[in-house]
Amino acid sequence: MHVRNLKAGINISGYAALWFLSGQIFASTQLSVAQPSRDPAELVRTVVQNEVKASTNSAEPLFFSGTKTTPRGSTTKLYVETSEATAGMVIAYNGTPLTPEQRRGEQARLERFVKDPEELRKKKAQEREDAARTMRIVRALPDAFLYEYDGQEMGTEGVGKPGEPLVRLKFRPNPNYDPPTRVEEVLRGMQGYVLVDAAHERMASIDGTLFRDVGFGWGILGHLDKGGRFVVHQQAVDGKLWAISSMSLKFTGRILLVRSLAIDSTEVFSGYKRVASNLTFAQGLELLAKEEAGAGAAVQADRARR
């Protein structure tokens, strides 16, 4: 999946990462098709190679918006990828634009990265570390699971390319897989399915559920409870460019055997457009400020329709 967007949208401690996403399965039409001749494991391996390649392509930075919803409410942000780090500006809480006081606080939060180069360096380092953890999971997908064909669906808005066919592959743990680090240990207790655009060899969706409790760090660092689930949808944005359209997660468990873990969130991304590849963080903030007025009006209009 497109990790440049994941790093902006998810900020989970330790980035225990791609598997931590959950939500609803999108509505789709089941088609009657012949069994594809291509080996599913080979298809997944090729798709993962393309996702890894796309994630490291920083020549196509993007501007986009995202709304994250949890049991406590929703937060809407504008994001822009810059040459120094990803800038994210909060523009609304629960569909209501920020008050003048909240806006000043948000501006101060962002400006500290411009005024303090060390803070900006730390932010960029954290984003790289988070992305690296996520990519460990992505790279493990071909070896961690066994795949089999499970029919075909049509792409919908936000999932692949609307109207184009997607191959559905069920997956289950590979009993011969030996996780190289505790990051990948969770995959041993997960099953689900992926939707693949075989023509373009890209991943349109991945849906995974824990069918048993899973410990990580030999069970000492913590465990995740059975029933946890993640869902990530990806869409074609512009030509060969793909980006995350939504991701959700619902997990419970414990960390260090004492601290409870409860994650329940869904984030939807939209409004993708390309920006200059050489934007500095300060220039990114200027762009966000220009986009804020129009985005705030859109938020208010959307709230009025509900």
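The values are calculated or read from the model by the stated rules, or taken from the named source; none is laboratory data. Owing to the predicted nature of the structure, the values given are computational and were not obtained by experimental measurement. Glycine also receives a Cβ, built like all others from the backbone with ideal geometry; neighbour counts cover every protein chain displayed. These accessible areas exclude ligands, DNA and RNA; they are computed on the full protein's heavy atoms, side chains included. Shrake-Rupley method; radii C 1.70, N 1.55, O 1.52, S 1.80 Å.
Miscellaneous remarks
- Compactness of the range 109-190 was expressed as the Cα radius of gyration divided by 2.2 N^0.38 Å, which yields 1.62.
- Counted charge near His223, where neighbours are those whose Cβ lies closer than 13 Å (Asp, Glu -1; Lys, Arg +1): +3
- Peptides 162-175, 99-112 ranked from most to least packed, by the mean per-residue count of other Cβ atoms within 10 Å: 162-175, 99-112.
- Rounded to whole Hz, the Karplus (6.51, -1.76, 1.60) HN-Hα couplings of the range 281-290, x for glycine and proline: 4, 4, 5, x, 5, 5, 5, 4, 4, 5
- The range 44-117 - percent of accessible surface contributed by carbon and sulfur, probe 1.4 Å: 50
- Each residue of the range 141-156 was assigned a 3J(HN,Hα) from its phi angle through the Karplus expression (A = 6.51, B = -1.76, C = 1.60, θ = phi - 60°), giving 3, x, 9, 6, 10, 9, 10, 8, 5, 9, x, 9, 10, 9, x, 10 Hz with x at Gly and Pro.
- For the range 135-195: accessible area per residue (Å², 1.4 Å): 43
- Cross-link table Lys77/Lys273; Lys161/Lys240; Lys170/Lys273, entries beyond 22 Å C-alpha to C-alpha: Lys170/Lys273
- The packing ranking of peptides 140-148, 119-127, highest mean first, is 140-148, 119-127, where packing means the average number of other beta carbon atoms within 10 angstrom of each residue.
- Of His200, His223, the residue with the largest accessible area leads and the full order is His200, His223 (1.4 Å probe).
- At most 12 other Cβ within 10 Å, DSSP loop - GluC sites (Glu not before Pro), the range 158-206: none
- Based on protein heavy atoms only, the range 41-101 ends up with 43 Å² per residue of surface accessible to a 1.4 Å probe.
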